[in-house]
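The values are calculated or read from the model by the stated rules, or taken from the named source; none is laboratory data. Source: prediction; values computed, not measured. Neighbour counts are summed over all protein chains in view; Cβ atoms, including those assigned to glycine, are modelled from backbone coordinates with ideal geometry. Heavy atoms of the whole protein, side chains included, go into the accessibility calculation; ligands, DNA and RNA do not. Shrake-Rupley method; radii C 1.70, N 1.55, O 1.52, S 1.80 Å.
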Amino acid sequence: MIYETVIFDFGGVITSSPFEAFNRLETKRGVPLHSVRKINSTNPHDNAWAKFERSEIDAAGFDLLFAEEARAIGVELEGSEVLSCLAGDIRPAMVAMLDTLKDRDFTLGCITNNVPTGKGSGMAQNEEKASAIAAIMARFDHVIESSKAGVRKPDPRIYQMMCEALDVQPDQCIYLDDLGINCKPAAQLGMAAIKVTSEEQALKDLHDLLDLPR
C-alpha cells in the first residue's frame, strides 16, 4: 500500500503521555494509581473530560464535575490539579520524524483531544513551552483540536473531517495514537493505525510501513 498522509495524535505521541504525570500526581496525593484513568473511562462520552474536550464546560465547571466523579469512586482529586499535568515533554525524535516526512513530501495532520486551558493547543504551562509546541504544530498541514471543533476522538467524524480537509482517502493514511480506543475508528475507516506504546516502537512501526531508510 502506498501511503501519502500521516496523521498524528499529539499528547502521548509527539509528547510524553499525560498518564505518566497523572501517576506522579496520584502518588503525591496518596490515591490509588490510575485513578484518573479510571475516572476518564467511566461514562467516557459524557463525563467531565468529554465535556471539557468539546468545550461544553469551562475550567471551573470541569474542576467541580471532575471532583464529583472522583468522589464517586472514593477518591479526593480536584480537576484543577489534573489540568496542571496535561502538557507532556516534547519527544525530539518524533519531531525529527515530522521533519523527515515533510522533506519526503508526505502530507501531515494532527488530531488532538485537548481542552481550553493553559497556553496554546498543547495546554502548556508557560510561554516557552507554548512557543515550542506552536513551532511543532506549524509543521502539520492541518490540525484539528477537539476543543475548537466541538467533536473529540473516538468519534469517527473527527477522522473524516481530517480526510476532507486534506483531500485524501482514509486508506491513503497512517494514523498514530497512544490509545487503542482512538485507533479503532481510524482502522475501521481504512487507515493503517499504529498504537503508540513508546517512542521507539512508534518510529519502528512507521519506518516499516513507509519502508523508510534507517
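A single member of Asn23, Asn40 is under 17 Å from the mean Cα position of the chain (by Cα), closer than 29 Å to Ser131 by Cα and surrounded by 17 or more Cβ atoms within 10 Å (Cβ to Cβ), and it is Asn40. Exactly one residue out of Ala70, Ala60, Ala50 is open to solvent by 50 Å² or more (accessible area, probe 1.4 Å) and not hydroxyl-bearing (Ser, Thr, Tyr), and it is Ala60. Among the candidates Met123, Met97, the residue that is within 23 Å of Asp63 (Cα to Cα) and either buried (at least 19 other Cβ atoms within 10 Å of the Cβ) or among the β-branched types (Val, Ile, Thr) (or both) is uniquely Met123. Do we have any residue at all in the stretch 167-183 that's closer than 17 Å to Asp46 by Cα and crowded, with 16+ Cβ neighbours inside 10 Å? For the stretch 167-183, residues closer than 17 Å to Asp46 by Cα and crowded, with 16+ Cβ neighbours inside 10 Å: present.
Give the residues of the stretch 100-120 that are among the β-branched types (Val, Ile, Thr) and surrounded by fewer than 18 Cβ atoms within 10 Å (Cβ to Cβ), sorted by residue number.
At the first step, the residues of the stretch 100-120 found to be among the β-branched types (Val, Ile, Thr) are 100, 107, 111-112, 115, 117.
Correct list: Thr100 only.
Being among the β-branched types (Val, Ile, Thr) and either at pLDDT below 95 or over 30 Å from Gly61 (Cα atoms) (or both) is the requirement here; does Ile133 meet it? In short, yes.
Within the stretch 157-181, which residues are in a helix (DSSP H, G or I) and within 15 Å of the chain's Cα centre (by Cα)? Outline the logic, then answer.
Taking the stretch 157-181 and keeping what is in a helix (DSSP H, G or I), we get 157-166, 170-172, 180-181.
The answer is Ile158, Tyr159, Met162, Gly180, Ile181.
Taking the stretch 105-115 as the range and being in contact (Cβ under 8 Å) with a residue 12 or more places away in the chain and over 14 Å from the mean Cα position of the chain (by Cα) as the test, the residues that pass are Phe106, Thr107, Leu108.
Among the conditions (1) assigned to a loop (DSSP other than H, G, I, E, B); (2) under 23 Å from Asn47 (Cβ atoms); (3) touching a strand residue (DSSP E or B) at 6+ places or on another chain (Cβ under 8 Å), Val151 misses just one, which is (3).
How do the pairs read when you match residues in the stretch 203-214 that are acidic (Asp, Glu) with residues anywhere that are surrounded by 13 or more Cβ atoms within 10 Å (Cβ to Cβ), using Cβ under 7 Å and keeping only pairs 6 or more apart or on different chains? Correct list of pairs: Asp205/Ile194. I'm trying to understand the selection: among the residues of the stretch 33-84, which are in contact with a Ser or Thr (Cβ under 6 Å, 6 or more places away or on another chain) and assigned to a helix (DSSP H, G or I)? Glu53, Ala59, Asp63, Leu83, listed by residue number.
Checked against (1) touching a Phe, Trp or Tyr at 6+ places or on another chain (Cβ under 7 Å); (2) of a type outside the set (A, V, I, L, M); (3) within 30 Å of Asp171 (Cα to Cα), Tyr3 passes all but a single condition, namely (1). Gly79 meets each of the listed conditions (1) open to solvent by less than 30 Å² (accessible area, probe 1.4 Å); (2) within 23 Å of Ala134 (Cβ to Cβ); (3) of a type outside the set (A, V, I, L, M, F, W, C) apart from (2). Among the residues of the stretch 1-58, count how many are within 26 Å of Glu200 (Cβ to Cβ) and of a type in the set (S, T, N, Q). So the count comes out to 7.
Scanning the stretch 32-59 for residues that are under 20 Å from Gly180 (Cβ atoms) and of a type in the set (A, V, I, L, M, F, W, C) yields Leu33, Val36, Ile39, Trp49, Ala50.
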